[in-house]
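Right, one structure below, let's go through it.
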Amino acid sequence: MPVEFLNTTLENGLRIVAEVDEHAHSAAMGFFVKTGARDEMPRQMGVSHFLEHMMFKGTDKRSAGDVDRDLDDIGARSNAWTSAELTAFHAHCLPQHLAAAEDVLSDILRPSLRVEDFEDEKPVILEEIAMYADQPSWQLYERTLEVYYDQHPLSHRVLGTNETVSQMQRDEMMEYFQQRYSADNTVVALAGKVDFEDMVKRITAHCGSWSRTDATRTYAPFAPCANRFIDTDASLNRHYACMVAPAPPVQDDRRYPAMMLAHIFGHYEGSRLYWALVEPGLAEEAQCHYDGRDGCGEFMHWICCRPEDAEQCEQVLLKTIDELTASLCEDDLARVRSLAATSVTVAGEMPAGRMQRLGRIMATAETYRSLDQELEQIHAVTLDDLLEVATAFPMSPIVTGHRTPTPD
């Protein structure tokens, strides 16, 4: 029996979607809330991520220990994540335990948010910020996006800053939670061996009373401005470069050729950048990634090299971009088509992967597309499609950031 897509919407606006596979040996579910760093006010930057942590600190029914124990008792692989655009809470388990997993997940989505828990968790968040600050590539990534997106809310740091997290108040978090974590701003995604009718009944019983708030996302106009910066760090012995250029949004079908173009140009092996920079030994790492976002997107180029090779590496990258369009051929397309199809298929082979894919799609693009349909889209991409995207979205960086050792 093939995978079957099922969906329904509760009276309060909560959407429940599923890819049911009767032959699967496991089941997965996740709550996907359409909120993230881009939906925060600048002064409350980091509240979405902080709130993710607070979900596991206890509810009216469960203590923090109960939450962990109840998930452990059913052998669930559970976790949560926050991005610029979504926050998700998910579990993967045996089918007979999916109802118990749902009971825990739906419960933690209505946390107590006690003041004492909030104050106890704040140093944990600050320590996480400090931990990532020790990673040169992460520092550069955040700084480059800040410069690229400038006043646009996509410039917000997911973790927040020391200042915004330190000054954050519990009541401010509660207000954000009550507005953004509403029924009509949430998608429940299920995948694998699922009794959809039974799960809808359970979710209705636990979540049917959630409020509708008509939460919306602000789509601020965005036009990137050229910029360039260099940050120095005495602790470094390698040079890092991060460059950003516009790309199609996640709702645009041109995301498929954009993804494939990024693979051709900057996959970690066998790409144009690999042969131009890594294989000759000029760079230790040289990659390009496509990130489709809600309403916009970006190509991001990365280089890690010796400081004395930084200028040459950047010039080689720019030259490789200039030569890309003229050098594209059917062999490139065939290779990257197989690579992209394999990547998508492997990611969706397990119910957990299908659940993540389904939740992201329905919470952002909002229009369902099956894995088979996605593969058809990938196989349908032509050389002309690649050339069209390369023309409409040149990879030449608008913003270039460097992080390098402090000169002697």
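A short reminder: the numbers here are calculations on the coordinates, not readings from a lab. Values in this document were obtained by computation on a predicted structure and should not be read as measured data. Cβ atoms come from the backbone with ideal geometry, glycine included; neighbour counts cover every protein chain shown.
Quick notes
- Test: residue in the range 249-260 that is more than 25 Å from Glu376 (Cα to Cα) and not aromatic (Phe, Trp, Tyr): no
- Qualifying residues in the range 354-408 (those that are within 22 Å of the chain's Cα centre (by Cα) and basic (Lys, Arg)) - the one surrounded by the fewest Cβ atoms within 10 Å (Cβ to Cβ): Arg369
- Residue match in the range 32-55 (condition: surrounded by fewer than 22 Cβ atoms within 10 Å (Cβ to Cβ) and among the small types (Gly, Ala, Ser)): no
- One residue from Ala64, Ala80, Ala88, Ala28 being of a type in the set (Gly, Ala, Ser), under 30 Å from Pro2 (Cα atoms) and over 17 Å from the mean Cα position of the chain (by Cα): Ala28
One line per residue, one yes/no per condition, for (1) of a type in the set (D, E, K, R); (2) within 27 Å of Ala18 (Cβ to Cβ); (3) surrounded by 14 or more Cβ atoms within 10 Å (Cβ to Cβ); (4) without any contact (Cβ under 8 Å) to a residue 40 or more places away in the chain:
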residue: Asp66; (1), (2), (3), (4): yes, no, yes, yes
residue: Arg69; (1), (2), (3), (4): yes, no, no, yes
residue: Ile108; (1), (2), (3), (4): no, yes, yes, no
residue: Val158; (1), (2), (3), (4): no, no, yes, no
residue: Glu163; (1), (2), (3), (4): yes, no, no, yes
